[in-house]
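The values are calculated or read from the model by the stated rules, or taken from the named source; none is laboratory data. These numbers were taken from a predicted model, which means no experiment stands behind them. So basically every Cβ, Gly included, is an ideal-geometry build from the backbone, and we count neighbours across all protein chains shown.
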Amino acid sequence: MYRRLCLLAALTVLPSLATAQRGGGSRTQADKPVDMFSKEDEQSMRPTLRLGDLEDQSPLKLLIDKHKDLKLTDAQVADLKTRESTLKDKSAPTLKLADSLINQLHSTSSSDDGRSKARFTASALGHVIEALRATYDSAGTDAVATLDAEQQPKAKELLEKQKQDGTKMLQKKMGGGSPRGI
């Protein structure tokens, strides 16, 4: 009889001992919170856009850099440099605002509130980029109009390629999303 009682007690106590060794039995593997994204995934989704990326989209800078391919005269290059200086001054406030928004995007947290703030900031940055693009497009169009008829087609082709490449770059650097106007 004693033996049966010990066996019954052992069968009753052993399952609870096994549960206690796994962590108290209050949580199973299914109860544990799971991170949907690793830290690497989270970092890859964060924007990597820098102010220099926007400044490099200047059409006048491209035309000056490609002056040999376009066979520009010294006077045309000097005119483009003057226009570029004016464009820098004109776009400085927009670029300063873009820089501030880019810094905000980089510093947002991955909490729900942080993601909400990041969406709002990315939308605002999209509007700023749209305004900058309009300024750049206008300056590029005006500059191409001053070139010779033989130079204009090549210049337009270069500027169109720059715009397409810039759109792809901005989409990639904004974490795969597409801010307005790009």
What are the pairs with Cβ atoms under 7 angstrom where one residue, in the range 112-124, is within 14 Å of I102 (Cα to Cα) and the other, located anywhere, is in a helix (DSSP H, G or I)? Sequence gap at least six, or different chains. A118/L105; T121/L101; T121/Q104; T121/L105; A122/L105; A124/L101
Within the range 46-63, the count of residues that are part of a helix (DSSP H, G or I) and closer than 30 Å to A118 by Cα comes to 6
Filter the range 111-143 down to residues that are over 30 Å from K156 (Cβ atoms) and more than 15 Å from the chain's Cα centre (by Cα), then give me how many there are. 5
Unmet criterion (only one of (1) in a helix (DSSP H, G or I); (2) at pLDDT below 85) for P33: (1)
From S91, S178, grab the single residue that is modelled with pLDDT of 95 or more and within 22 Å of G52 (Cβ to Cβ). S91
Just need a number here: residues in the range 125-157 that are touching a Gly at 6+ places or on another chain (Cβ under 6 Å) and touching a residue at least 60 places away in the same chain (Cβ under 8 Å). 2
Just to be sure, is V128 over 17 Å from L51 (Cβ atoms) and either modelled with pLDDT under 95 or not hydroxyl-bearing (S, T, Y) (or both)? no
